[in-house]
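Laboratory data are not the source of any read-out in this text; all were calculated from the coordinates shown. A quick note: this is a predicted structure, and the numbers were derived from the prediction, not measured. Heads up, the Cβs are rebuilt from the backbone with ideal geometry, glycines too, and the neighbour counts pull from every protein chain shown.
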Amino acid sequence: MDASIDSNLMPGAPSALAGVLSADERLPGHRTHEAWERFMSGEPLAPLSVPDQLLQSWQRSRECAVAPHAAQAPLALRGDGLDALRERNQDLMWAASGLFASSARLLAQSGSILLLTDPQGVVLEAAGDPRTLEIAQGSHLIAGGSWGEAAIGTNGIGTALATGLPTQVHAAEHFCEGIKRWTCAAAPVFRPGTGELIGVVDISGPPQTFQINNLVLATAAARQLESVLAERATRENLQLLEQCLGRIARSNAAATMVFDNNARLIHASGHCESLGLRLGASLPGLQTRADIDNWGERLPEGVRPEWLHTIRVQGRTLGALLLVPRPRHATSARHLPTGGGAVPI
């Protein structure tokens, strides 16, 4: 796993290690626990103040009415429900398949486990040290477990989701007393080109497995998944454009627009400035691939469903082609939505 990190690949993140507390910031375990007890009782924390980012997470946890003595996360899904969740996150699962296959071997004797979650913090996959995986069942740190902050308080997965930043939470820093026996380092995964947070990669284990480098590794893993997804998107967009070329040539349309399966405009031609779109933007109402079959029902006023053609190759939906017909008379285009600053299409 390549541990070199480019923070520019992570939208909104000032540093690849933004969630790491320095040695000066991180209190000794007994002092952190005492600060937590004072926080829970409403007593002033000074002189046992904790770093702002940790205190803010504790405060969010309390505002969500998380039970401070909880010993396990809720088990959100299992069986068919878990299978359906994995299907909805199939792109992320696909991108992570190689990483998890290698991690199962690399972490086998490390005491640590690697986890992948969906955007709500529900675990999709877990691999690594068999003994730790067995212990993790007691805390529901397993597939189907829900690790968002609102479910189980301050923890690597949930706090990374809440902040959108790589985050390391060690032992007593957790909000719930029953999970303070864990240390975790988590990094969010963003969909390339959109900035959409689509999941989290987490490295967890008993407190003795703690090391700062775990967050470097988790962040490198997250960037690796983004790179795999970006490469696939590039290949599929090329396929999509190839599939559309013939249809565009035969259409005699006034304007043509090609949208990838994340609803972004990747190609436009013709003369229909009033649609007001720039390359990389989405037509209002369109959502990602999960909703692509319903795009025709969500088009803005003046754009007709019959103009939209879904493009599939070998059973996989690559995107859609929008063909705007030539008006039969000059006033027929007046119903198209207006927009300023668009590139001519």
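Miscellaneous remarks
- On the beta carbon distance between Q56 and S269, with R0 = 56 Å, the FRET formula returns roughly 0.70.
- Between H30 and L197, the contour length at 0.36 nm per residue exceeds the alpha carbon distance by 56.7 nm.
- Residue order, fewest to most surrounding Cβ atoms within 10 angstrom, among W36, W307, W147: W307, W36, W147
- Distance between modelled label sites at A101 and R250, nm, 7 Å Cα→Cβ extension: 3.9 nm
- Prolate/oblate/rounded label for the stretch 7-232 (Cα gyration tensor, a/c 1.5): prolate
- The calculated FRET efficiency for the pair L45 and A230, based on their C-beta separation and a Förster distance of 45 Å, comes to about 0.55.
- Sorted by Cβ density within 10 Å, fewest first, the residues C64, C176: C64, C176
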